[in-house]
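The structure under discussion appears below in the form of structure tokens.
The values are calculated or read from the model by the stated rules, or taken from the named source; none is laboratory data. Here the structure is a predicted model, which means the values were calculated and not measured. Cβ: placed from backbone, ideal geometry, glycine included. Neighbour counts: every protein chain shown.
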Ligand code: NI
């Protein structure tokens, strides 16, 4: 069990009311966990500013596999990113649409280059990189 530190935070009442309403909608049971998550997110965002830092996350794609040459380009881009792709899940959503979730671990810069390279292809309707952990990835 980690050592806990208690802190006091001064905050405008209306801002706190809005925050409480927001975290209640998200399902938080108390403010402490919501504050901890905000701090973790801030530290993760800071850590990936260094492109050489190690990061772990997912790239979620939605694309139209009937777009000419797209499937081949996506395969090629993923092979070029060898070593950072841990797993890929592919779902044939409709006759046209594919949903793909790619699990990544590697240098933050390499993850962002792969996300940009894939997301910028014609026929890719959605590409979102979510960094779950950065810096001191276990
Ligand atoms: Ni498919």
* Structure fact -> Exactly one of 109, 116 is within 14 Å of residue 55 (Cβ to Cβ) and outside any strand (DSSP E or B), and that one is 109
* To do: Search the range 42-69 for residues that are within 11 Å of residue 130 (Cα to Cα) and pair each with any residue that is within 16 Å of the ligand (Cβ to nearest atom) when their beta-carbon atoms are under 6 Å apart and the residues are at least 6 apart or on different chains.
  => 58/101; 59/102; 60/101
* Condition met for residue 132 (in a helix (DSSP H, G or I) and either under 14 Å from the mean Cα position of the chain (by Cα) or farther than 30 Å from residue 20 by Cα (or both)) -> no
* Asked: From the list 3, 88, 58, 44, which residue is in contact with a strand residue (DSSP E or B) (Cβ under 6 Å, 6 or more places away or on another chain) and farther than 30 Å from residue 123 by Cβ?
  -> 44
* Which condition number in (1) at pLDDT below 95; (2) out of contact with any strand residue (DSSP E or B) (no Cβ under 7 Å at 6 or more places or on another chain) is the one that residue 83 fails? -> (2)
* Structure fact -> The number of residues in the range 68-98 that are within 16 Å of the ligand (Cβ to nearest atom) and either surrounded by 16 or more Cβ atoms within 10 Å (Cβ to Cβ) or not assigned by TED's automatic domain parsing to the domain that holds residue 117 (or both) is 5
* Asked: Before we move on, is residue 11 away from the ligand (no atom under 16 Å from the Cβ), loosely packed, with under 12 Cβ neighbours inside 10 Å and either without any contact (Cβ under 8 Å) to a residue 40 or more places away in the chain or under 15 Å from residue 113 (Cα atoms) (or both)?
  -> yes
* Structure fact -> Picked from the range 3-49 (must be touching a helix residue (DSSP H, G or I) at 6+ places or on another chain (Cβ under 7 Å) and assigned to a loop (DSSP other than H, G, I, E, B)), the residue farthest from residue 107 (Cα to Cα) is 28
